[in-house]
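**Student:** Supplied in structure tokens, the structure appears directly below.
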Amino acid sequence: MADVENDPWIFSTQSLPSDSRLMATMANGYLGTRVYGEVLHVNGIYNGPVGDCHRANVPSPLDVRLRIKKEEITDQRFSLDVKTGTFCHTVQCSTFTATQQLFAHRLHRHLLVNRITLRASSPVTVNLEVNFKAESQDLDLQGGPDYCNAKYIYGSTLTPEVSSCPLKTVHMIYTPVPQSLTLTTEQEKTWVFLTVVSETEKDVKERFDQGLSLADEGRLFSSHAEAWAQLWEGSRIAVEGSLVLQQAVIGCLYYILSSLPPLGSDEHFNGISPGGLSNGQHNEDYWGHVFWDQDTWIYPNILLFYPEMARHILKYRIRTLEGALHNAEEQGYKGAKFPWESALTGYEVCPEEIYGDQEIHINGDVLMIFRQYYYMTKDVDFFALSGGWDVVSSIADYWCSRAVWSEEEQSYHIKGVMPPDEYHSDVNNSVYTNALARISLNFSMDLAKDLQQPFPEIWNEIANKIKVPFDPKNNYHPEFDDYQLGDQVKQADVVLLGYPLLFAMSPEHRRNDLQIYEAVTDPDGPAMTWSMFAIGYMELKETKMAEQQLKKCFANITDPFKIWTENTDGSGAVNFLTGMGGFLQAILFGYTGFRITEKCLAFDPTFTDDVTAFSITGVCYLANKIDFTFSKDLTTVELTSVLDSQKYPLVIAFDDFTPSIPLCMGKPVSFTTKVGWIQMKTS
């Protein structure tokens, strides 16, 4: 058995975790399951009305294990190969080797694969444990006629999210797995068991035929691995550091990419939940709902590499705008109020009313991803023709409807909210919420001018006069009106002003915010918090503090498969993509200093004692693909592809002069400088 102990791309163990929640997950943006899990989930398939809405459990034919007597085993290994998105169980015995390979096909996203290979010099039989039962508490499943020697089941969800939302149908064709496999005369044989899931009978049969063809051509695994290779080629983070750090970085990016559709997919995508597509059943992992976690914590990492994938998330918010308009109207306000917890329709599905009513910063979180996308792509057509403007303008209208004038303070207030710090509710003027409202309104006006759209003067009035709390005596931002210094907070809140909001403040105020809130933030709070403190200290070049904060994140990473838990004690959501997203941002926006602004993608690298060099491959900015290599002595920027050099000529500016780099279509340009700070921007 090959030595994989020091391979950062392979997470390997000789025994599985005792807690099944910490098993490796397999997903491809449409289907997701835990390895050896009883159920799988389908993106966009929920069961239950509003507060009881959850991902529908679909029985998984992949719940199959090799069952070999312990005394026969000389060696065995369970491995997750993130380079190819494949889980493998290999068992070596004195007379034979058995290998099981599982994967959610990266290119053909309706397809799950279970392959078992036996190698032996003499006949051998291997027993299998097959736990599949064609039943679900969320679907009215029934059997149909066999198709191509495979089993066919279908059914629909039991209860819609809201009355206007139709029931969702699920159709599955799967190859039945026997209780044992026997190798007779051959020295090696592979059995392939396919599972295909879709929403119509016609589609599921066509996709099963496609899977059979790939298997017959011997391309089932190679086409899957090639699709992963394409993804990794366009998005690579290489850090010179410990194996633990390397695997943490690679694992985070792998699990986040697994939650997204394949490149080139035009199918509807219904968002990313905190526990990913493999989790989210009833009463677990936030029931598979979509929160600000998707927008604030996960999305920026995707946008940096794949604007095409980022658009899937924007389109999800556009499709759910009707529900958001309904939510605002139900609360008595204008515009759109995106739900704190969202599923298929955009109606509020949070089981606890207080969060849905008060955690309105979600509106600004949603607007931020549209703003970041516009700055990174200048994709005017998306906003003019595909619904982006409707979302942005509706959010602006909501803020104006929600703000009230204070005659006493001569400013606009937003009252009765819950900030990101959920230990406090019904507060007035959450600094994070109000800052987002100002940013939302300013961007809405700028975008309106670019699109030549009229906008009401009240947008400008409130943007200029909304209160953003600041304490001049202590030189810091109180979390909200009447916040008392020393009060404990749940998670990153005020520190988000500096990043990702890029709210203007002095280094002194930024440092004070970090120090004051670090001291009172619950050490057992959710995993993404400390990455934001790390970014803040990197921004200030306080590398010792940054390193200390980032190391706190590792308490949430579990071995052997680098599954993140929401809290350090293992409680909360798993596989916690939110924590992964925050951690990746500490790498992609902390160490690099990347900042997405209206006029440029700026960067200002920082190094800690344990990270002295790193490279970021495949950053996509204004239709240019760019690779960055950073070390303490040298920064290299290489333009690897140019999609439209005439539309977006690239300029690199540094120090006191700005040399232009002429771009020729299809001819990569490399630029190296010893200058420590560089900007990239449009000319």
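The values are calculated or read from the model by the stated rules, or taken from the named source; none is laboratory data. As the structure is a computational prediction, the values presented were derived from the model and not from experiment. With ligands, DNA and RNA removed, areas are computed over all heavy atoms of the protein, side chains included. Shrake-Rupley method; radii C 1.70, N 1.55, O 1.52, S 1.80 Å.
**Student:** Identify all aspartates and glutamates with a Cα-Cα distance to Lys632 below 14 Å; exclude those on the same chain that are fewer than 8 residues away in sequence.
**Tutor:** Answer for Lys632, where 14 Å is the Cα cut-off: Glu240, Asp604, Asp609, Asp610, listed by chain and number.
**Student:** Additional query: On a 1.4 Å probe surface of the protein chains, which of Tyr255, Tyr286 comes out largest in accessible area, and what is the full order?
**Tutor:** These residues rank, largest area first, as Tyr286, Tyr255.
**Student:** Could you quote the convex hull projected area for the range 410-478, Cα atoms only and averaged over all directions, in nm²?
**Tutor:** So the Cα hull casts an average projection of 5.7 nm².
**Student:** Please report, to two decimal places, log10 I(q)/I(0) for the range 268-366 at q = 0.16, 0.24 Å⁻¹ as given by the Debye formula with identical point scatterers on the Cα atoms and no solvent.
**Tutor:** So the normalised log intensities are -0.64, -1.34.
**Student:** Could you work out, for the range 550-637, what percent of all Cα-Cα pairs fall into each 5 Å distance bin, beginning at 0 Å and stopping at the bin that holds the largest distance?
**Tutor:** 3, 12, 20, 18, 15, 14, 11, 5, 1
**Student:** By its C-alpha gyration tensor, with a ≥ b ≥ c as the square roots of the eigenvalues, how is the range 65-156 shaped: rounded for a/c under 1.5, else prolate for a/b larger than b/c, else oblate?
**Tutor:** prolate
**Student:** At 1.4 Å probe size, what's the solvent-accessible area of Thr558? Round to the nearest 10 Å².
**Tutor:** Number for this one is 30 Å².
**Student:** Might you work out the accessible area of Phe607 for me, using a 1.4 Å probe with all protein chains in place, and round it to the nearest 10 Å²?
**Tutor:** Roll a 1.4 Å probe over it and Phe607 shows about 40 Å².
**Student:** Over the Cα atoms of the range 205-354, what radius of gyration and what Dmax do you get, in Å?
**Tutor:** 18.5, 60
**Student:** Using a 1.4 angstrom probe on the protein heavy atoms only, line up Asp450, Asp627 by accessible area, largest first.
**Tutor:** Asp450, Asp627
**Student:** Can you work out D for the range 145-255 in µm² s⁻¹ from Stokes-Einstein, where Rh is the Kirkwood radius over C-alpha pairs, the temperature is 10 °C and the viscosity is 1.306 mPa s?
**Tutor:** 88
**Student:** Here is a follow-up. Just the number please: accessible area per residue for the range 181-330, 1.4 Å probe, all protein chains included, in Å².
**Tutor:** 36
**Student:** Give the carbon-plus-sulfur fraction of the accessible surface of the range 455-559 in %, rounded to a whole number; probe 1.4 Å, heavy atoms of protein chains only.
**Tutor:** Percent of accessible area from carbon and sulfur atoms in the range 455-559: 50.
**Student:** Next question, about the same structure. Roughly speaking, to the nearest percent, how much of the range 19-76's 1.4 Å accessible area is carbon and sulfur?
**Tutor:** Looking at the range 19-76 in its full context, I get 47 percent from C and S.
**Student:** Something else: If you consider only alpha-carbon coordinates, what radius of gyration and Dmax does the range 1-140 have, in Å?
**Tutor:** When restricted to the Cα atoms of the range 1-140, Rg and Dmax are 16.9, 58 Å.
**Student:** Per DSSP helix of 4 or more residues, -39500 (n - 2.57); summed, then divided by the residues of the chain. What does that give at 222 nm, rounded to the nearest 500?
**Tutor:** That comes out to -9000 deg cm²/dmol.
**Student:** Moving to a separate point now. Between the range 38-83 and the range 136-163, what's the alpha-carbon centroid distance in Å?
**Tutor:** 18
**Student:** Here is the link list: Lys133/Lys205; Lys552/Lys625; Lys378/Lys625; Lys551/Lys599; Lys541/Lys625; Lys315/Lys337. Which ones come out longer than 26 Å on Cα distance?
**Tutor:** Lys552/Lys625; Lys551/Lys599; Lys541/Lys625
**Student:** Measuring from the lowest to the highest alpha carbon on each principal axis, how far does the range 498-591 reach, largest first, in angstroms?
**Tutor:** Here the Cα extents, ordered largest to smallest, are 41, 26, 24 Å.
**Student:** Taking the full set of protein chains and a 1.4 angstrom probe, give the accessible area of Lys490 in square angstrom, rounded to the nearest 10.
**Tutor:** Rounded to the nearest 10, that gives 40 Å².
**Student:** Please report, for the Cα atoms of the chain, the Rg to one decimal and the Dmax as a whole number; what are they, in angstrom?
**Tutor:** 25.7, 90
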